[in-house]
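Structure, as structure tokens:
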Amino acid sequence: MANKLFLLGTGPQCGKTIAAFGIIDYLQRQGHKVAFYRPIISYTPHGSDEILTRLIGRYKPSFTYEDAYAYTLAEVRELINDGKESHVYDTILGKCKRLEETHDFVVCIGSDFFNRDMMLEFEVNTQIAADLGAPALVVVKGSVRNGEDLSASARGTIRDLRAAAVEVIGCALSWSRLSADAAKKFKEELRNAPEEQRTPNVFVLPENADASSNADASIAYLNANMDVAAFVKAVQEHTMTVVTPKMFEFALMERAKKHKMRIVLPEGEDDRILLAAADVAARKVADIIILGDEGAVKKRLGELNLTFDGTIINPRTYAKFDEYAAAYFEARKSKGITMEQAKETMLDASYFGTMMVWKDDADGMVSGARNTTAHTITPAFQFVKMKPGITTVSSIFLMCMKDRVLAMGDCAVNPNPTPEQLAAIAVSSAQTARIFGVEPRVAMLSYSTGTSGKGPDVDAVAEATKLAQAMAPDLPIDGPLQYDAAIDPVVAKTKLPNSKVAGKATVFIFPDLNTGNNTYKAVQRAANAVAVGPILQGLNKPVNDLSRGCLVPDVINTIAITAVQAQAEKGLI
């Protein structure tokens with residue numbers, strides 16, 4: 001159910017204000033607590049935005065003028081030029097989220113196109129509409145008489161917006177000079193256009209010089225030419241299907257904040273870790289524990305001009321060091337380890353951090369910026385161990401595509417899994433995907449679909465599919481499936497038409513590590529996707545591995561992922 005709407009204009013003075021007043025007025029009369037929000041306002045000589053000033057003057061909301069917008073267009077341009085585009089969208093989403101928390105409905109109003117760089121402005125508005133997860137009403141200025149040109153332009157705009165992951169729910173042609181027959185044809189062409197250009201709610205608003213003169217005139221004009229009640233009902237009943245990378249990352253951070261977890265970072269000597277730790281702590285995403293020499297860590301934080309609101313622990317001087325060493329000795333004495341060896345091992349930050357998690361002095365660990373995968377996860381295998389009933393530790397990547405999130409596994413741990421291991425990976429991957437909001441439909445991948453191919457590799461995937469279905473009978477799991485049949489509905493109709501998974505898979509299980517690792521990287525590069533992971537699954541407590549080539553945003557995302565996993569382990573989500 002959509003509880004917000006984005007009014008997206010295609011040029012200056014196109015009629016967004018009229019639509020805003022009419023829709024807000026209707027919602028208020030229906031008893032809704034309505035907020036209005038302008039992500040970007042235009043600079044004015046008086047220092048205030050005309051639309052916001054008029055809306056606040058009429059409706060006198062509980063929120064302030066500053067709450068109702070994020071940036072001026074000049075500020076956005078400067079921040080994007082400085083490489084701070086992600087910060088821009090984080091702030092815009094955050095301010096909208098605050099309004100959503102205290103209101104039934106938020107009407108978002110795009111910027112005004114009064115500046116010279118209209119292309120940049122349209123691109124920014126488009127990205128904001130997609131990332132806010134709001135269905136969009138496109139408002140097109142129709143003050144020309146040629147209906148064919150207007151129709152082609154509107155359909156092209158809808159196509160471009162849909163390609164950018166904006167869910168267009170309607171189109172309003174304002175200031176129209178079309179005849180009644182031409183207006184009827186305009187509506188029919190948009191309602192019956194090819195799917196990518198089509199929208200069911202089309203309105204033609206005839207030219208009226210008095211319509212924007214004041215709020216009452218705007219409301220009367222919209223009500224006379226648009227079935228506002230039916231349109232609002234369509235918005236409220238609309239189910240959003242698009243999830244952009246920024247939407248996913250923002251939702252991930254918000255979920256982590258709800259129940260702050262303690263995440264230990266063993267690699268305090270790495271600048272990327274320090275930068276990520278300071279950012280996460282400042283945003284209150286998690287309580288961060290950095291391992292390292294306290295003096296050296298603080299000195300480097302200062303050199304990086306970072307303020308760190310967290311904990312720094314030196315394993316050598318930590319009060320529980322002897323307790324940790326004794327616990328490791330007990331866990332490994334059957335392997336011939338001595339107490340002296342246990343103490344030496346506990347001086348290793350990776351082992352020490354894992355012990356903190358095992359002893360409940362931390363809720364999760366993130367490592368691997370400098371350590372190998374083996375060095376990160378071996379301690380977890382030795383004493384954190386696997387969940388009851390789990391026989392295989394594996395991994396998934398969450399692939400944030402342009403308009404959806406997919407899960408892909410195993411891409412990091414098991415080189416040549418047996419059918420039994422593949423089945424376990426499939427079930428674990430489905431469970432992990434669900435934790436992060438991905439409804440699992442599991443495709444067991446092979447070079448053959450259904451029974452079309454033969455050979456030991458296909459047979460292994462077929463066996464793994466049957467085992468996974470038996471392990472989790474309520475999960476939609478199918479295979480063997482080729483990747484195109486798993487993801488493309490058109491191909492699926494030809495290759496496996498009766499499958500509940502083919503054509504709409506969300507979880508992709510690869511037959512081996514060679515295939516999985518190469519495929520996720522190919523998808524990441526070819527589709528410009530954001531790859532979050534690897535996320536380890538199957539352990540009793542969350543321990544996650546970073547790539548040694550990771551960037552600061554990768555570390556931040558992995559910390560948040562680990563925090564959410566820890567929440568799930570504790571039954572908090």
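The values are calculated or read from the model by the stated rules, or taken from the named source; none is laboratory data. Computed from a prediction, not measured in an experiment: that's the story for all the values here. Glycine gets a Cβ as well: all are built from the backbone with ideal geometry, and neighbour counts include every protein chain shown. These area figures cover heavy atoms from the full protein model, side chains too; ligands, DNA and RNA do not enter into them. Shrake-Rupley method; radii C 1.70, N 1.55, O 1.52, S 1.80 Å.
Values computed for the structure shown
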| item | result |
| --- | --- |
| Verdict on Ile56 being within 30 Å of Pro245 (Cβ to Cβ), over 25 Å from the mean Cα position of the chain (by Cα) and either in a loop (DSSP other than H, G, I, E, B) or hydrophobic (A, V, I, L, M, F, W, C) (or both) | no |
| 1 or more residues hydroxyl-bearing (Ser, Thr, Tyr): qualifying helices (runs of 4 or more DSSP H) within the stretch 91-207 | 118-132, 147-163 |
| Among the residues listed as Val491, Val555, the single one being in a helix (DSSP H, G or I), modelled with pLDDT of 90 or more and farther than 27 Å from His375 by Cα | Val491 |
| Segments classed as helices (runs of 4 or more DSSP H), wholly inside the stretch 231-309, with at least 1 members that are over 30 Å from Glu167 (Cβ atoms) | 271-282, 294-303 |
| Any chance Val427 is touching a residue at least 40 places away in the same chain (Cβ under 8 Å), part of a helix (DSSP H, G or I) and not basic (Lys, Arg) | yes |
| Any hit, the stretch 196-214, residues being touching a strand residue (DSSP E or B) at 6+ places or on another chain (Cβ under 8 Å), more than 14 Å from Leu137 (Cα to Cα) and of a type in the set (D, E, K, R) | yes |
| All positions within the stretch 468-487 that are in a strand (DSSP E or B) and of a type in the set (Val, Ile, Thr) | Ile477 |
| All positions within the stretch 145-188 that are open to solvent by 60 Å² or more (accessible area, probe 1.4 Å) and closer than 23 Å to Ile23 by Cβ | Arg162, Lys187 |
| Identity of the residue in the stretch 34-91, open to solvent by 70 Å² or more (accessible area, probe 1.4 Å) and touching a Leu at 6+ places or on another chain (Cβ under 9 Å), that ends up nearest to Ala19 (Cα to Cα) | Tyr43 |
| Thr515 being β-branched (Val, Ile, Thr), within 21 Å of Phe397 (Cβ to Cβ), modelled with pLDDT of 90 or more and more than 24 Å from the chain's Cα centre (by Cα) | yes |
